[in-house]
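As structure tokens, the structure follows; a few thoughts come after it.
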Amino acid sequence: VFETSKASQPPPEVANSEESDEFFELTPGDYYHLMATKKESKYLKTRKIREAEEAACRTKMTKAVIRVRFPDDYTLEAVFHPSEPVQKVFDLLSKVLTRPELPYYLYTTPPKKQIKDASQNFFAAGFVPGAVVYFSYDL
């Protein structure tokens, strides 16, 4: 658990730095890198190829880092396995909340989307490799 407002502020010297004009000029190396990327994404993929790539990606992902951000700027961070259901976050919150009997809901943003299906796993919910989930009381 940590306080969000203090942890997310950039250092003062980074916030005020400005890049020179040379930084924004396209170099030959940048050009070749862009062309190589364009060649790779030129071909359309079939559903089977996309599903195979997604399955390969699933095996590489070993954890889902979920941050629950509370209205008082505190954040709770927990690590789950990607195949676990989202219900595990609700179970964890029931243990750590001082008043778990009050109705609450979790949502992601942007756009604001309430998490209603707690039975889906973290990978299917799009929370892998990590996600920020917002907490709100439903009063």
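The values are calculated or read from the model by the stated rules, or taken from the named source; none is laboratory data. Everything numeric here is computed off the predicted structure, so don't read it as measured data. In this analysis, Cβ positions are derived from the backbone assuming ideal geometry, glycine residues included, and neighbour counts consider all displayed protein chains.
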Task: Test: V133 is without any contact (Cβ under 8 Å) to a residue 60 or more places away in the chain, surrounded by 15 or more Cβ atoms within 10 Å (Cβ to Cβ) and not aromatic (F, W, Y) - done: no
Task: Residue under evaluation A36, criteria (1) out of contact with any Phe, Trp or Tyr (no Cβ under 8 Å at 6 or more places or on another chain); (2) surrounded by 11 or more Cβ atoms within 10 Å (Cβ to Cβ); (3) not charged (D, E, K, R), criterion not met - done: (2)
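Provide a single number: the residues in the range 70-107 that are of a type in the set (S, T, Y) and without any contact (Cβ under 8 Å) to a residue 40 or more places away in the chain.
Residues that pass the stated criteria total 5.
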Open item on the list: Give me the residue from the range 119-139 that is at pLDDT 90 or above and more than 13 Å from the chain's Cα centre (by Cα) and, out of that set, nearest to S83 (Cα to Cα).
Closed with: N121
Task: Condition broken by E54, with the remaining ones in (1) under 17 Å from P129 (Cβ atoms); (2) at pLDDT 85 or above satisfied - done: (2)
